[in-house]
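One structure is given below, encoded as structure tokens.
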Amino acid sequence: MESFQTTSSIFALPEQAKLSPGDFNQAAKLLKDRAGIVLGEHKQEMAVRTLARRAHAVGHSTVHEYLEELARNSFSPEWEMFINAFTINHTAFFREQHHFEILARFVRTRKKPISIWCSAASTGEEPYTIAITLRESCPQPDVGVSVWATDIDTNAIERAREGVYPKERVKPVSEEYLRKYFQRGTGRRAGMVRVKDNLRSIVEFGVFNLLQNDWPAPGSFDAIFCRNTMIYFDKDTQTKILERFAPTLKPGGLLFVGHSENFTYLTDVFRLQGQTVYVKK
């Protein structure tokens, strides 16, 4: 089986690849304006290498030229790669287990159709965990149950759609669930697992930028997962996104956030209901 991992070519950074303060500020502004991500000054070293590689990849002799090209052309296909390069995809199956226990109890009280939005799906571990929870908790889960899984990182979403993982990635998944929801690889695929169609059928993947204007319709979702993502935004952007989440939730809908995120002081559209779980007021 071919490797599902890619490696970037390593090259020595030329002198002209170094960022001036102006270049770093421009990169930070472009990233924040387009994706809401705050590029702190402590990340300058990472930014140098990331931007130098992207500039080299598209044939620019300096990072300054690369950034100027992005600034001039808002429709450049390189924007996708620029944003992907600064997206962190740290995720796992059944990460923060208590959230899925709460979700299981919650969906048993809801009428169909039941729809969950995983708004930072990364490489798919989280939305597939949500799908497992729905299949285990909802009667007749093949009907009226769905997960919309989105991320701004196009590369991550493609990996999520494939649903193929090294066995080490599924260690948090019980043997029972592995048998029910995953196929084990053999031969050239030994050491890999693939998500079965009984999960894939209820998950729809898509690319979505939380700063874009065309949001889902009001009352679309019973619950939204947005975990460990808002920490990359400033407070104004966090507030804006929270206040846009609220209308998309059905009455009594839940918002699941990361273990280090607390938004009670930012907006009054949600009420804290439990450990990093909010309910729409």
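The values are calculated or read from the model by the stated rules, or taken from the named source; none is laboratory data. The structure presented is a predicted model; accordingly, all values stated were derived computationally and were not measured. Virtual Cβ from ideal backbone geometry, glycine too; neighbours counted across all protein chains shown.
If you take the residues of the stretch 123-164 that are of a type outside the set (A, V, I, L, M, F, W, C) and assigned to a strand (DSSP E or B), which of them is farthest from the chain's Cα centre (by Cα)?
146
Among the residues of the stretch 225-257, count how many are over 27 Å from residue 113 (Cβ atoms) and either over 15 Å from the mean Cα position of the chain (by Cα) or assigned to a loop (DSSP other than H, G, I, E, B) (or both).
Going through the stretch 225-257 one residue at a time, the tally reaches 9.
Given the options 238, 275, name the one that is within 23 Å of residue 91 (Cβ to Cβ) and either in contact with a strand residue (DSSP E or B) (Cβ under 8 Å, 6 or more places away or on another chain) or surrounded by fewer than 19 Cβ atoms within 10 Å (Cβ to Cβ) (or both).
When all the criteria are applied, what remains is 275.
Of the conditions (1) in contact with a helix residue (DSSP H, G or I) (Cβ under 7 Å, 6 or more places away or on another chain); (2) closer than 21 Å to residue 248 by Cα, residue 84 satisfies every one except a single condition; which number is it?
Checking residue 84 against (1) in contact with a helix residue (DSSP H, G or I) (Cβ under 7 Å, 6 or more places away or on another chain); (2) closer than 21 Å to residue 248 by Cα, the one that fails is (2).
Anything in the stretch 209-231 that is more than 13 Å from residue 151 (Cβ to Cβ), touching a residue at least 24 places away in the same chain (Cβ under 8 Å) and either surrounded by fewer than 21 Cβ atoms within 10 Å (Cβ to Cβ) or not aliphatic (A, V, I, L, M) (or both)? List them, or say none.
211, 215, 216, 217, 218, 219, 220, 221, 222, 231
Applying the selection to the stretch 172-206, what residues are free of Cβ contacts under 8 Å to residues at least 24 places away in the same chain, under 22 Å from residue 137 (Cα atoms) and part of a loop (DSSP other than H, G, I, E, B)?
Across the stretch 172-206, the qualifying residues are 174, 196.
In the stretch 243-262, what residues are surrounded by fewer than 20 Cβ atoms within 10 Å (Cβ to Cβ) and touching a helix residue (DSSP H, G or I) at 6+ places or on another chain (Cβ under 8 Å)?
258, 260, 261
May I ask you to list pairs of residues, at least six apart or on different chains, whose Cβ atoms are under 6 Å apart, with the first in the stretch 48-61 being hydrophobic (A, V, I, L, M, F, W, C) and the second being part of a loop (DSSP other than H, G, I, E, B)?
48/19; 52/13
So in the stretch 88-121, with the set limited to residues that are among the polar types (S, T, N, Q) and either farther than 18 Å from residue 159 by Cα or modelled with pLDDT of 95 or more (or both), which one is surrounded by the fewest Cβ atoms within 10 Å (Cβ to Cβ)?
109
From 144, 124, 163, grab the single residue that is of a type outside the set (D, E, K, R), in contact with a Lys or Arg (Cβ under 7 Å, 6 or more places away or on another chain) and under 27 Å from residue 211 (Cβ atoms).
124 is the lone residue from the list that is of a type outside the set (D, E, K, R), in contact with a Lys or Arg (Cβ under 7 Å, 6 or more places away or on another chain) and under 27 Å from residue 211 (Cβ atoms).
Within the stretch 35-49, is even one residue under 30 Å from residue 131 (Cβ atoms), surrounded by 15 or more Cβ atoms within 10 Å (Cβ to Cβ), not small (Gly, Ala, Ser) and not assigned by TED's automatic domain parsing to the domain that holds residue 213?
Looking for residues that are under 30 Å from residue 131 (Cβ atoms), surrounded by 15 or more Cβ atoms within 10 Å (Cβ to Cβ), not small (Gly, Ala, Ser) and not assigned by TED's automatic domain parsing to the domain that holds residue 213, one finds at least one in the stretch 35-49, hence yes.
Can you name the condition, by its number, that residue 94 falls short on among (1) in contact (Cβ under 8 Å) with a residue 40 or more places away in the chain; (2) not in a loop (DSSP other than H, G, I, E, B)?
Of (1) in contact (Cβ under 8 Å) with a residue 40 or more places away in the chain; (2) not in a loop (DSSP other than H, G, I, E, B), only one is false for residue 94: (2).
Quick check on residue 215: is it within 27 Å of residue 77 (Cα to Cα), at pLDDT 95 or above, in a loop (DSSP other than H, G, I, E, B) and not assigned by TED's automatic domain parsing to the domain that holds residue 38?
For residue 215, the condition - within 27 Å of residue 77 (Cα to Cα), at pLDDT 95 or above, in a loop (DSSP other than H, G, I, E, B) and not assigned by TED's automatic domain parsing to the domain that holds residue 38 - is met.
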